[in-house]
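Asker: A single structure is presented below for examination.
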Amino acid sequence: ALPGHLLRGLLPLLTVFRLERAEGAARRAGLSTQPIWRKLWDDVMKTRPPNSENITCWRKKFLETFFSNVLHGVLDVSSDWRLNDHHFSPLLHSSPHVSQLTLCNMLQGAVELTAEHNQKVLENLAGSLQILKFQHLLSSDQSIRRSLVLLLHRLIHHGSVSQVSMYSWPVPDTVLLVLILSMSAGFWRSGNALAYHSSPCGLCREKDKAQSQDSAQERAEGGRSDEREWSDGKNQQRSSRAPEEVDAEVNGYRADTHLNSVLSGPRSPLRNQACEEASSKVPCDHTSIQGGSSPHCISDQLSCHSVLQKTRRRLKSAVGKKRRCLRRSRGPYADPEDLYDFVFTVAREDNSGLLDKNSTTEGENAENWTSSSPGSPCAGHAGCKKRGGSAGIFSLKAAHRFRSVSTLELFSIPLTGETCRTLSNLLSSWVSLENLVLSYNGLGVNIICILSGLRALSRHSDCHLRVVRVSDVFSHMPCMELVRCILSAFPQLHTLSVSFDLKNQLEGNRPEGNPSCSEVEIPESCLEQLEIRFPREPLHTAFLLPVLKASKSLQQLSLDSATLPSSQELGLLLEALKECNPNLKKLSFHDVNLAEHQKEVLLLLQDPVLQEITFSFCRLFESSTTEFLSEIINTVKRNSSLKSLKLPGNRLGNHRLVALADIFSEDSSSSLCQLDVSSNCIKPDGLLEFTKKLEGHIQQRGGQIQFTHLRLFQNWLDQDAETAQEALRRLKAVCSVVNDSWDSSQAFADYISVM
């Protein structure tokens with residue numbers, strides 16, 4: 001209980017351990033430790049963190065980064081006296097502050113965190129960690145995968161991780177990738193835990209024990225009442241039927257029940273063969289993991305029925321033998337309630353009873369395990385044909401379902417056909433998933449497989465998916481067709497982003513049996529944000545119109561890299577937006593040539609509903625006159641609803657920037673708060689003149705101005721550092737300025753080199 005003035009002088013002299021413990025006392029004394037943590041960052045990390053202006057708590061930022069650096073061995077705690085405290089355990093004391101963590105390379109961090117001496121650290125992370133990232137992963141051996149299994153099970157299934165993101169994996173290890181995907185989706189199968197870790201999960205055993213006790217009690221109570229009801233009903237029927245008929249029915253009922261219990265478990269090779277032969281002829285949509293078949297698959301089930309009837313007796317005799325073999329193979333310490341990762345079921349374990357002789361490699365197991373069920377998402381789909389050799393692998397129905405993440409992001413990770421089928425099957429029942437981001441995964445034709453999984457997911461009443469973002473280099477289908485496909489299946493989406501760099505030259509060669517989505521009717525949707533990046537495709541309002549009509553709640557629309565096929569096209573789009581989307585608040589055009597559409601630009605700027613308008617690299621002033629700039633300024637001055645105007649990359653130059661200051665003149669009714677003039681060839685003297693003119697308008701208005709943010713990225717401010725600094729200093733007294741130290745000479749050299 002030191003006085004405030006003494007505590008203020010003492011805090012900078014404390015080690016990290018002591019400073020952390022003094023946090024509460026400082027808060028009660030009304031003292032902020034933020035400057036001390038910021039200085040610690042500068043002294044220890046010696047880097048400028050990205051988006052430093054948005055960091056609200058330097059204590060959390062320091063301890064979170066400190067944890068990661070120590071974990072990966074890039075920070076020596078003896079390098080600074082404030083870290084070198086014998087009471088201070090770096091991982092243990094910083095782990096409660098870690099909300100996001102990145103694991104990379106050979107997953108050394110996973111091995112360290114699952115070590116026995118870090119058990120308490122892992123418990124802390126299970127309560128604090130929200131985002132788990134994987135970056136630049138390499139192939140790993142089985143011992144490392146064991147550690148990863150334990151880590152994911154604790155942090156996802158029994159923890160609080162809600163987002164899994166993977167970045168930059170040019171040649172992904174299929175086994176490792178499928179492991180991360182499946183456990184993120186909440187799947188883990190019961191079996192012999194000794195294959196992957198030394199002891200079963202204590203949390204799982206406690207939960208299973210409680211559930212088994214509840215189930216036993218319910219069965220005991222329900223069994224007695226069911227038996228009484230069944231016997232009463234049967235006694236009434238027996239009076240009117242022959243005794244031999246009744247005996248035959250009871251025996252048949254027992255046999256059917258026994259057979260159903262066999263067939264509801266792992267697929268038998270016979271069932272696989274029969275159903276796969278049918279599915280190769282008739283395309284099937286997804287079958288829910290929780291049960292329930294698609295109408296398209298009814299014929300497949302019927303075709304299997306006659307075969308299954310003939311094998312009823314053979315199966316009954318084989319089941320007892322198989323169960324005896326399984327009991328012998330479990331070993332002295334095994335328990336049916338133990339958990340292990342079903343991705344790594346190795347074919348060499350001959351007695352496991354889990355694989356048939358056709359599945360011989362660990363990689364094949366990982367690639368095919370989710371596409372083994374008849375009627376599965378991509379079974380028989382023309383664009384998602386399966387390989388042979390996976391007939392005996394367990395389907396998802398054999399797996400335990402645990403807690404799953406709500407956000408999955410895959411950036412720059414090539415996905416093969418097999419991996420896409422795996423992901424598709426996982427998506428088909430991933431009801432907790434809220435955000436899905438697939439970026440530069442080389443999907444190609446496999447986008448059809450992903451769509452199949454999303455369609456199956458949409459059939460679940462408790463589906464939570466609200467955000468879908470798909471981007472890639474090549475588009476397999478036109479952007480608008482893909483948008484319609486996704487929206488027709490998922491009208492409950494709030495955000496949809498579709499982005500492609502280039503048009504696929506083979507786009508016309510669609511997979512056989514894949515109907516065009518351009519004819520699919522879109523139900524009324526909940527869509528609020530739509531982003532489309534066209535691979536230099538023409539923007540036809542007629543194709544976009546059904547989407548706009550179905551999206552009455554649309555608030556944000558972004559159109560990128562589209563070409564306007566005619567001079568009337570933009571006008572038609574504006575009419576459609578006015579008619580169909582009265583709640584539209586934000587409209588953005590990027591890399592769309594609007595040089596010849598000055599009338600439409602002015603109409604947008606005077607729209608009484610729009611609050612944010614972006615014309616990014618739209619060549620607005622390429623062929624314009626001085627009158628056009630004056631009309632823009634006067635239109636914005638009269639518009640009291642527009643809050644943000646973004647004009648990056650339009651070659652404003654100094655003179656046009658200075659003219660824009662008149663938006664804030666004394667006779668203006670503008671409510672503009674944000675102005676973005678990045679990448680506009682602005683020089684220091686032009687910025688200084690703009691600043692002086694803006695100061696004059698503010699003085700005339702008695703200091704009453706709503707302008708708060710100015711963005712100046714990638715302008716030529718390095719050409720006169722002294723003038724630029726004066727302009728920025730005076731601007732920061734008026735508004736928040738965001739700029740960068742951009743080397744314009746180097747950028748110009750780079751531009752010339754690629755011309």
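Asker: Any chance you could list P(r) for region 601-650, counting all Cα-Cα pairs in 10 angstrom bins from zero, rounded to whole %?
Answerer: Percent of Cα pairs in each bin: 25, 58, 16.
Asker: Also, quick follow-up: Could you do me a favour and compute the accessible area per residue for region 585-754, 1.4 Å probe, result in Å²? Let's see the in-between values first.
Answerer: On the way: 8180 Å² over 170 residues.
Per-residue value: 48 Å².
Asker: Around Leu103, which amide H atoms from residues at least 5 apart in sequence, or from another chain, sit under 5 Å from its own amide H, with H modelled in the peptide plane?
Answerer: Lys133, Phe134, Gln135
Asker: Also, quick follow-up: Going by average Cβ density within 10 Å per residue, which order do the peptides 722-734, 492-504 take, highest to lowest? Please report the intermediate quantities before stating the final value.
Answerer: Values: 722-734: 15.5, 492-504: 18.3.
The peptides rank, most packed first, as 492-504, 722-734.
Asker: With the radius of gyration and the Kirkwood radius both derived from the Cα set of region 520-653, what is their ratio Rg to Rh?
Answerer: 0.95
Asker: With a 1.4 Å probe and every protein chain left in place, work out the accessible area per residue of region 47-188 in Å², rounded to a whole number.
Answerer: 40
Asker: For the ranges 638-649, 109-120, 171-182, 40-51, what's the packing order if you count other beta-carbon atoms within 10 Å of each residue, average per peptide, and put the highest first? Write down the numbers at each step before the final one.
Answerer: Values: 638-649: 19.2, 109-120: 16.1, 171-182: 21.2, 40-51: 12.4.
Ranking the peptides 638-649, 109-120, 171-182, 40-51 by packing returns 171-182, 638-649, 109-120, 40-51.
Asker: If Lys and Arg each add +1 and Asp and Glu each add -1, what is the summed charge of the other residues whose beta carbon sits under 10 Å from the beta carbon of Glu622?
Answerer: It works out to a net charge of +1.
Asker: Using DSSP to call loops (not H, G, I, E or B), can you name the GluC sites (Glu not before Pro) in region 596-688 whose Cβ has at most 13 other Cβ atoms within 10 angstrom? List each step's numbers first, then the result.
Answerer: Details: sites: Glu596, Glu600, Glu612, Glu622, Glu627, Glu631, Glu666; in loops: Glu596, Glu622, Glu666.
Counting only loop positions with at most 13 other Cβ atoms within 10 Å, the GluC sites (Glu not before Pro) in region 596-688 are Glu622, Glu666.
Asker: Would you calculate the separation in nanometres between label points at Thr626 and Ser139, each defined as 7 Å from the Cα along the Cα-to-beta-carbon direction?
Answerer: Result for the modelled spin labels: 6.9 nm.
Asker: Here's something else I'd like to know. Roughly speaking, what % of Cα-Cα pairs in region 453-497 are separated by over 17 Å, rounded to a whole number?
Answerer: The calculated P(r) of region 453-497 puts 32 percent of pairs beyond 17 Å.
Asker: Moving to a separate point now. Return the Rg/Rh value of region 150-191, two decimal places, where both radii are evaluated on C-alpha atoms and Rh is the Kirkwood radius.
Answerer: With Rh from the inverse mean 1/r over Cα pairs, Rg/Rh is 0.99.
Asker: In whole percent, how big is the carbon plus sulfur part of the accessible area of region 585-754, probe 1.4 Å, protein atoms only?
Answerer: It is 47 percent, rounded to a whole number.
Asker: Zone of Asp720 (label point 7 Å along Cα→Cβ, backbone N under 15 Å): which residues in region 678-697?
Answerer: Under 15 Å, as judged by backbone N against the label point of Asp720, lie 682-693 of region 678-697.
Asker: At what distance in angstrom do the alpha carbon centres of region 456-494 and region 8-36 lie from each other?
Answerer: That distance is 50 Å.
Asker: Given a Förster distance of 45 angstrom, what is the FRET efficiency for Ser641 paired with Asp85, based on the Cβ-Cβ distance and rounded to 0.05? Walk me through the numbers on the way to the answer.
Answerer: Working: r = 57 Å, r/R0 = 1.26.
The formula returns an efficiency of 0.20 here.
Asker: Here's a follow-up. Just the C-alpha atoms of region 654-755: what Rg/Rh do they give, with Rh taken as the Kirkwood radius?
Answerer: On the Cα set of region 654-755, Rg over Rh gives 1.02.
Asker: Another question, then. If I take all pairs of Cα atoms in region 585-754, what percentage of them are more than 23 Å from each other?
Answerer: Numbers: 5362 of 14365 pairs.
Result: 37 percent of Cα pairs exceed 23 Å.
Asker: What's the FRET efficiency of Ser745 with Arg403 using the Cβ-Cβ distance as r and R₀ = 45 Å, to the nearest 0.05?
Answerer: 0.25
The values are calculated or read from the model by the stated rules, or taken from the named source; none is laboratory data. Remember, predicted model here, so these are calculated numbers, not experimental data. Cβ: placed from backbone, ideal geometry, glycine included. Neighbour counts: every protein chain shown. With ligands, DNA and RNA removed, areas are computed over all heavy atoms of the protein, side chains included. Shrake-Rupley method; radii C 1.70, N 1.55, O 1.52, S 1.80 Å.
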